Each structure stands twice: as structure tokens, then as C-alpha cells.
Amino acid sequence: MRSRSIARTATRVTLGLALLAVPATAVAATTTAPAHRAAAPAHAAAHAAHAARAAVGLDDPAKKEIAMQLVSSAENSSLDWKAQYQYIEDIGDGRGYTGGIIGFTSGTHDMLELVELYTKRKPDNVLAGYLPALRKVDGGDSHAGLDPNYPKDWRKAAKDPDFRKAQDDERDRVYFNPAVKQGKADGIGVLGQFAYYDAIVMHGDGDDKTSFSGIRKRALAKAKPPAQGGDEKTYLNAFLDARVWAMKQEEAHSDTSRVDTEQRVFLKQGNLDLHTPLAWKVYGDDYHIG
């Protein structure tokens, strides 16, 4: 089931902890140290553990592969995300054609930017001639100038490594990299960075309340992220609550299972770094990695 319905704006963001060996003389000294100073090593150890865990982010190649499979399970009912370069159809969400590995749409500017990048790199490509039409339909659901051959030519272009590379690069520039960067700045681990990524993929970014930034702002009103001294699980629960709220503002997003039976499951398990094996459901379908 292809459930994709994007609400983007036209402008877009082990190591284990080593045990510290304490000399006997130091142990003796702590017997007369103030209580708040005696607790300092544990506090430092907690920070060291967090820093060590945060060193591996969603941009780690293995974690990024997991992220792509998780998104594909929700967007394409398949873990084979690389099969989606050629995907294209109008899913009736008012955003024209939806295509490619991240659901670029002709009505929300990112498909136009993708084809522009592809054409800049390879001027004689099969999609270059559609650029005038893509500029005209940007912002709506019209197929004017695209039918009847655009889907066929998209699938043809998807056989070209240069077009697949352009899809990868635009995914990273517009969605993946901004999500990971913000996640790391907020001090959240791999699961949190993925929650950011999945949100920006579906909602895009912008000034409205249901954009990624709007969702994050709503979460920040309820809890602090680790970078501000907050508890990671508490903050991520607040973020997922805000995400569910945003999804329910649009009928096409009202099925929140990609949060409820996927991301929330990992969070309840305490799997903040998406360690495999992973098992989850999306729209009632079972998936497993590892």
C-alpha cells in the first residue's frame, strides 16, 4: 500500500562505557569529600556514556540503510527501497505525481528541483523537456504538459545511474542531512534522528504548525531534549505525540501506525540506537530487520 501524502512547503532542514579504575588512595580520599563531589564521577560517567552512544548517528552507513528500509516499509510496503527509484503515480492527494525513493512530488517543488539537478548534471536526459511543465504545475495537482508520457519517461530515467544519484543527493540535501544535523544538535541518538527524518519526509519543513519545525516546537513546549538537560525518552515521547497531532490534522495522514507500531515500539523497548534485530508493524503488516 502506497500511503504517501506529503505536506511540504516549497522551501526547505561502541563503544561501551569503560569502567574507570580508581586508585586505592583516591578511594580513601573520598571518605572525607563533600557528598556533591563524591557524586561527580557518576555524573561524568553518564555524560561519557551519552557521548559515546551519540558518536554513532543515523548517518552511519549501516544505520542509514535501516532508516531507508523503515521509511520504505511505510511508504511502499516493502523493505526494498532501492526498487523505488522508478516508482511514480498520482495517489490522489492533491500534490500531482509522487515518485522516487522519497516521494518527490510535482506539486511541492522537490520533484522540480530533482529534475533541475539531473538536467544540470546531464542536460540531454529524458526528463529535461518536462521542466517547463514542472514549473507550471508546481504548487498544484495538475498534470498539464506531463501526460501521457511523463511516468514512462520517469521509469526510463530511473535506469540511469545519474538519475538515481540525483535522487540520493536531493534526499540527503533536503531531508536526511537536516534531520540528522538537528537531531545531533538536540543530543538525541539514532532513533530520535530517525523520528526527525521520518517527520520531515512526510511533513516537509517550513513555518506552519504541521511542518517538521512546527512539530519540534510543539515538542519543546512539553519537554527538553538532552542537549538542554532533558531526558531523551521523555523528549522523544513528546516529539512523537506532537507528530501524531500533526498527522491527524490531515485525513491522508490520519493513520499513525508508522509512529504507534513502529517508532513508539522501539522507544518503549529503550532501543534508542536502533540496534538490530528490529520488528515492527506498519498498516498492519509485519516487518523485520536482522
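Each reported figure results from applying straightforward, stated rules to the coordinates on display, with no laboratory input. Everything quoted here is computed from the prediction, not taken from an experiment. Cβ sites come from the backbone with ideal geometry, for glycine too, and all protein chains shown count toward neighbours.
What to note about this one:
- In this structure, the pairs whose alpha-carbon distance is over 26 Å, taken from LYS63/LYS268; LYS165/LYS217; LYS82/LYS224; LYS63/LYS209; LYS181/LYS224; LYS181/LYS233, are LYS165/LYS217; LYS82/LYS224; LYS63/LYS209.
- Length gained when the stretch ASP285-ASP124 is fully extended (0.36 nm per residue, less Cα-Cα span): 53.8 nm
- The distance separating the Cα centre of segment 137-186 from that of segment 78-96 comes to 10 Å.
- Where labels lie 7 Å past Cα in the beta-carbon direction, separation of ASN271 and LEU131 in nm: 4.4 nm
- Label reach from LYS159 (point 7 Å along Cα→C-beta): in segment 116-148, amide nitrogens under 13 Å belong to 126.
- Reachable aspartates and glutamates from LYS120, criterion Cα separation under 20 angstrom, eight or more residues apart if same chain: ASP110, ASP138, ASP153, ASP160, ASP162, ASP168, ASP169, GLU170, ASP172
- Cα→Cβ-extended label distance, 7 Å offset, between GLU65 and ASN177, nm: 2.3 nm
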